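Heads up, the thing below is written out as structure tokens.
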Amino acid sequence: MSLRIALVDDQALVRAGLRALLERQGLDIVFEADGGEALLAALASHRVDVVLSDIRMPGMDGIEAVRALRARGDATPVLLLTTFDEPDLLLDATQAGAQGFLLKDADPADLHDAVLRLARGESMLQPVATDPVRARYAYHASDAPKERFSDKEVAVLRLMAGGYSNKEIARAMFLAEGTVKNYVSVILDKLDTRDRTRAVLKAITLRVI
């Protein structure tokens, strides 16, 4: 079965272009919405595999819509699109609970890959800019890593920061996927978190990467 997609953008022409592109890629557009409120209403009666939404929209924007979805217990993966290359938007998106973040000028193949990854339960985040993260987050001495990181662990962390899955990290580092899973478990334990995104943000703030 083809993946079921919800398409959200306040501009009808943009929605039409995205619909045509995604349908050519074999994806099924279940419904379109022109904003966050319309998305929330439609999701109450339609099941989709991935929500593809603009960030900047009048009324309830994409990030606010994600927060509202998570608040009501809806875990549908959300891929946010934007024309604004602003690091703070990525931080806001991940904090709200979005699994993906992509610029609108991304290659169509990258968009398709991002949708597939989110449907598989993975994330697709552009590499995190370090300075805005450090400016926003301040950790106390008690938040310091339990142990020093090995070179291999730092390399894994850097790939995690780019949104790579365990399988992709394994391929890039010529390791078994099980070995990468072990590295990730150790990294999360050292940073005292069970969340990959928070681990990356904390590692950046603590200048581990």
> Exactly one of (1) outside any helix (DSSP H, G or I); (2) at pLDDT below 85 is unmet by Leu89. Its number?
Replying inline: (1)
>> Please go through the stretch 147-192 and give me each residue that is under 16 Å from Ala203 (Cα atoms) and either of a type in the set (A, V, I, L, M) or touching a His at 6+ places or on another chain (Cβ under 7 Å) (or both), ordered by number.
In response: Val154, Ala155, Val156, Leu157, Leu159, Met160, Ala161, Val184, Val186, Ile187, Leu188, Leu191
> Mind checking which pairs have a first residue in the stretch 159-176 that is within 12 Å of Glu122 (Cα to Cα) and a second that is surrounded by 16 or more Cβ atoms within 10 Å (Cβ to Cβ), Cβ under 6 Å, 6 or more apart or different chains?
Replying inline: Met160/Arg196; Met160/Val200; Gly163/Ser123; Gly163/Met124; Gly163/Leu125; Ser165/Glu122; Asn166/Val180
> Out of all the residues in the stretch 156-174, which are surrounded by 17 or more Cβ atoms within 10 Å (Cβ to Cβ) and either farther than 22 Å from Leu102 by Cα or hydrophobic (A, V, I, L, M, F, W, C) (or both)?
Replying inline: Val156, Leu157, Leu159, Met160, Ala161, Ile169, Ala170
> Is at least one residue of the stretch 1-24 touching a residue at least 12 places away in the same chain (Cβ under 8 Å), surrounded by fewer than 18 Cβ atoms within 10 Å (Cβ to Cβ), within 18 Å of Asp113 (Cα to Cα) and of a type in the set (Lys, Arg)?
Replying inline: yes
> Which of the residues that make up the stretch 120-141 are modelled with pLDDT of 75 or more and surrounded by fewer than 18 Cβ atoms within 10 Å (Cβ to Cβ)?
Replying inline: Arg120, Gly121
> When residues of the stretch 17-29 are filtered for being outside any helix (DSSP H, G or I) and on the phi < 0 side of the Ramachandran plot, how many remain?
Replying inline: 4
> Within the stretch 147-164, can you find the residues that are closer than 14 Å to Lys181 by Cα and either outside the structural domain of Glu177 (by TED's automatic domain parsing) or among the hydroxyl-bearing types (Ser, Thr, Tyr) (or both)?
Replying inline: Tyr164
> Using beta carbons and a limit of 6 Å, which pairs, at least six apart or on different chains, have the first residue in the stretch 90-111 and on the phi < 0 side of the Ramachandran plot and the second one part of a loop (DSSP other than H, G, I, E, B) and buried (at least 22 other Cβ atoms within 10 Å of the Cβ)?
Replying inline: Gln99/Pro77
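Table: residues versus (1) part of a loop (DSSP other than H, G, I, E, B); (2) farther than 19 Å from Gly100 by Cα; (3) in contact with an Asp or Glu (Cβ under 6 Å, 6 or more places away or on another chain); (4) in the same structural domain as Ala114 (by TED's automatic domain parsing).
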| position | (1), (2), (3), (4) |
| --- | --- |
| Arg15 | no, no, yes, yes |
| Phe31 | no, yes, no, yes |
| Glu37 | no, yes, no, yes |
| Ala41 | no, yes, no, yes |
| Ser45 | yes, yes, no, yes |
| Ser53 | no, no, no, yes |
| Arg56 | yes, no, no, yes |
| Val66 | no, no, no, yes |
| Leu69 | no, no, no, yes |
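The values are calculated or read from the model by the stated rules, or taken from the named source; none is laboratory data. Computed from a prediction, not measured in an experiment: that's the story for all the values here. No Cβ is skipped: glycine too gets one built from the backbone with ideal geometry, and neighbour counts run over all protein chains shown.
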